[in-house]
1. Out of (1) surrounded by fewer than 20 Cβ atoms within 10 Å (Cβ to Cβ); (2) over 25 Å from K329 (Cα atoms), the odd one out for R234 is which?
2. Answer yes or no as to whether Q217 is out of contact with any Pro (no Cβ under 8 Å at 6 or more places or on another chain) and modelled with pLDDT under 95.
3. May I ask you to verify whether K197 is buried (at least 18 other Cβ atoms within 10 Å of the Cβ), modelled with pLDDT of 95 or more, of a type in the set (K, R) and assigned by TED's automatic domain parsing to the domain that holds E100?
4. Can you run down the residue pairs with Cβ atoms below 9 Å, 6 or more apart or on separate chains, where the first is in segment 310-336 and in contact (Cβ under 8 Å) with a residue 24 or more places away in the chain and the partner is surrounded by 14 or more Cβ atoms within 10 Å (Cβ to Cβ) and basic (K, R)?
5. What tally of residues in segment 276-295 results from selecting those that are of a type in the set (K, R), more than 24 Å from the chain's Cα centre (by Cα) and within 20 Å of I330 (Cα to Cα)?
6. Please work out if L326 is within 23 Å of H229 (Cβ to Cβ) and surrounded by 15 or more Cβ atoms within 10 Å (Cβ to Cβ).
7. Tell me yes or no: at least one residue of segment 86-104 is surrounded by fewer than 17 Cβ atoms within 10 Å (Cβ to Cβ) and over 22 Å from G125 (Cα atoms).
Amino acid sequence: MPKYTLIIPAYNMEKQLPGCLGSVAAQTYRDFEVLVVDDGSTDRTAEAAEGFSGKLPSLHVIRQENKGLGGARNTGIENAAGEYLWFIDADDRIVPDALERIDGMLSDTGAHAAVFDAAHVSEDGAVLKTEAGYAHFGADQHPSGGVPAVFTLAESPAFLFAPVLACNKVFRRDLYLSQGIRFPEHAYYEDLATVPKLCPFAGKIAYLPAPLYEYVQRPDSIMHRGGDHEKRCRDLTAALAGVDAFYRQAGLSSAYGEALDFLTVFHALYLQTVRMVKTDAPRAVLLYLHQYVRERVPDLHASPYLVTLSAAQRAVLELIDKKQYLALKIAFSLKK
């Protein structure tokens, strides 16, 4: 049984997939299998994957009808043999020693989950920025010098609203199976709907402040597309409501209630509203987000987690809460 399963959903990624698989084939650590889930592609994605069978003997290609990114990841979960799962997008890359460093970190700490930084890179490999996997440590917990920090969610509940990404995290497979956790199909914000559910059951989580994952920035990627405002917002609020319900059913609401409230504030009222304002969403969509958050979190200004935002972010949040959308749009335009 391999120690790691790398799950790569792919839909019409014939041109991008070789770069991703090339980075996987270059790994210095070799105890892993690769599952490429061809999610109903209409191009030669599956053939592009199968072309790497010589370089990746542990490669398996699974073809299925289109179920969206979440559905393809679920197929990977159900077919994985590895002790740990890592989801990698087909148009991204991982650095050559990524698995070696992840395995060393997990082995040294005894953790059941790993989180690390991600670099945003151009198509030619230039680093545009680095996104920290977890920046909200307490004053005495800031990792430095590349040394992993180890914590549990109970010790550091703010991890719930660290960047909610699946690709910069590795979790034990049995966490998905024992808790029945799966990604939503054909929905935006599948990471937000899923990752927070894993965290309270992960035990020790190890954080390595090093960019092991590379997001390749393409103009036509999902994250760069506008439009579809109403579906995006309803998928977002459905993801947040699903996380709340999961914690409630698990008897964890009292322990993590304030962190869950701020998860809603941060993603729905702050991040999503900023995104919607920048992409000219209708005012009705913005008001829908405001009403959802205000009904869910009546006294958002009492949150102890507001201190995790910068002064500029708090100023933006204040404008959003006052529904000053035009002022926001003008402010964003002046920054260009």
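1. (2)
2. Values: out of contact with any Pro (no Cβ under 8 Å at 6 or more places or on another chain): yes; modelled with pLDDT under 95: yes.
Yes, satisfied.
3. Numbers: buried (at least 18 other Cβ atoms within 10 Å of the Cβ): yes; modelled with pLDDT of 95 or more: yes; of a type in the set (K, R): yes; assigned by TED's automatic domain parsing to the domain that holds E100: yes.
Yes; evaluated as a whole, the condition is true for this residue.
4. Cβ pairs passing all conditions: D321/R294.
5. Taking segment 276-295 first, the residues of a type in the set (K, R) are 278, 283, 294.
Now restrict to residues that are more than 24 Å from the chain's Cα centre (by Cα): 283, 294.
Right, trim to within 20 Å of I330 (Cα to Cα) and you get 283.
Here the count works out to 1.
6. Details: within 23 Å of H229 (Cβ to Cβ): yes; surrounded by 15 or more Cβ atoms within 10 Å (Cβ to Cβ): no.
No: the conditions fail for L326.
7. To start, the set of residues in segment 86-104 that are surrounded by fewer than 17 Cβ atoms within 10 Å (Cβ to Cβ) comprises 96-97, 100, 104.
Okay, now just the ones that are also over 22 Å from G125 (Cα atoms), so 104.
Yes, that holds for at least one residue.
Residues checked against (1) touching a Gly at 6+ places or on another chain (Cβ under 8 Å); (2) over 17 Å from E214 (Cα atoms); (3) not assigned by TED's automatic domain parsing to the domain that holds A81:
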{"position": "E14", "(1), (2), (3)": "no, yes, no"}
{"position": "G19", "(1), (2), (3)": "no, no, no"}
{"position": "L35", "(1), (2), (3)": "yes, yes, no"}
{"position": "D39", "(1), (2), (3)": "yes, yes, no"}
{"position": "G54", "(1), (2), (3)": "no, yes, no"}
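The values are calculated or read from the model by the stated rules, or taken from the named source; none is laboratory data. On a predicted model such as this, the values are computed, not experimentally measured, just so you know. We place every Cβ from the backbone using ideal geometry, glycine too, and count neighbours over all the protein chains shown.
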